[in-house]
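Report on one structure; see the data block that follows.
The values are calculated or read from the model by the stated rules, or taken from the named source; none is laboratory data. Nothing here was measured: the structure is a model prediction, and the numbers come from that model. Every residue, glycine among them, receives a Cβ derived from its backbone with ideal geometry; neighbour counts consider all protein chains shown. Note: accessible area is taken over every heavy atom of the protein model, side chains too, but ligands, DNA and RNA are not part of it. Shrake-Rupley method; radii C 1.70, N 1.55, O 1.52, S 1.80 Å.
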Amino acid sequence: MSATTEHARGNVDAREIANFERLASRWWDPRGEMATLHQINPPRVRYVAQCAGGLKGKLALDIGCGGGLLSEALAAEGAEVLGIDMAGELVDVARLHALESGRTPPAFRLDYRQISAEALAAERPQAFDLVCCMEMLEHVPDPASVIAACARLARPGGDLVFSTINRSPKAFALAVVGAEYVLNLVPRGTHDYEKFIRPSELAAWARAAGLEVVGMKGLRYNPLLKSARLADDIDVNYFMHCRKPA
Ligand code: SAH
């Protein structure tokens, strides 16, 4: 077994995977525990499309795809998408949902695999026009290793979009206390404040992996309207758009 594969095994938190797999059967219920992911999907798809200069015909990779919310939406916009996740039950849910919703070839190019970013990077370096990794980095033991794998997976000139939660007092108040304990928007124990990532940390890992940071954008969630929109405030949920130099 190669060093990369060894490390990829080590870079998965089995408790995190089990937590997400428990939600597998309700992943696509817009009023279930994953409701907030459903609600943030439209603005984030818009943001990704903007970063990539359009999605049509792009070969896109969705790392930590879960049940496939983002992957399917990107495919619906004309991208050819591979979604990967280490939770086998979620990969099954994603595949099944694509079949049920008729997102099948030849009209839609959408595939899923249970493989880590590190292992796929060894298999298909420089393959993707667009690499997305959303709401996952704060759940892995070594996020910098995932970023380095993403950098390998992107083709020269390719775009990368990361999203995570800032390690700020405001994020603790809103994303942990507010979302998990007061408003019950997200299952309790989903987020560990210590694992939230400051934009400066994410940017440093991206640069260390040879990426340029192109821009950042916040995502503001409105719990009353149950909707989200892009915003300039990156104190809580935010995106980082990077590019691999051509
Ligand atoms: N990106 C999806 C799902 C976010 S939930 C979305 O935003 O809609 C976080 C996902 O990351 C879960 O599906 C979980 O199984 C996955 N995950 C956690 N650790 C991982 C790892 N090391 N490698 C791949 N996927 C991982």
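Among 227-240, 57-70, the peptide with the highest mean count of other Cβ atoms within 10 Å heads the list, and the full ranking is 57-70, 227-240. Computed from point charges on the beta carbon alone (+1 for Lys and Arg, -1 for Asp and Glu), the dipole magnitude for the stretch 165-246 about its Cα centre is near 200 Debye. Projecting the Cα atoms of Met136, Ile115, Gly78 onto the charge dipole of the stretch 42-137, computed from C-beta unit charges around the Cα centre, puts Gly78 farthest toward the positive end.
For the stretch 3-243, relative contact order (Cα pairs under 8 Å, six or more residues apart, normalised by length) works out to 19 percent. Between Gly32, Ala49, Pro106, the Cα set farthest toward the positive side of the dipole of the chain (charges on each charged residue's Cβ, about the Cα centre) is that of Ala49. Length gained on full extension, Leu96 to Leu224, computed as 0.36 nm times the residue gap minus the Cα-Cα distance: 42.9 nm.
For the chain, the mean residue ellipticity at 222 nm estimated from helices alone is -10000 deg cm²/dmol, where every DSSP H run of n ≥ 4 contributes -39500 (n - 2.57) and the total is divided by all residues, rounded to the nearest 500. Structure remark: mean-square fluctuation, Gaussian network model of the chain, C-alpha springs under 10 Å; the largest value among Pro143, Pro199, Pro30 belongs to Pro30.
With R₀ fixed at 25 Å, the C-beta to C-beta distance from Gln50 to Arg207 puts the FRET efficiency at about 0.70. Rg and Dmax, both from the Cα atoms of the stretch 35-96 and both in Å, are 11.3, 33. Protein heavy-atom accessible surface, 1.4 Å probe, per residue over the chain: 45 Å². Within the accessible area of the stretch 3-243, the carbon and sulfur atoms contribute 53%, probe 1.4 Å, all protein chains present.
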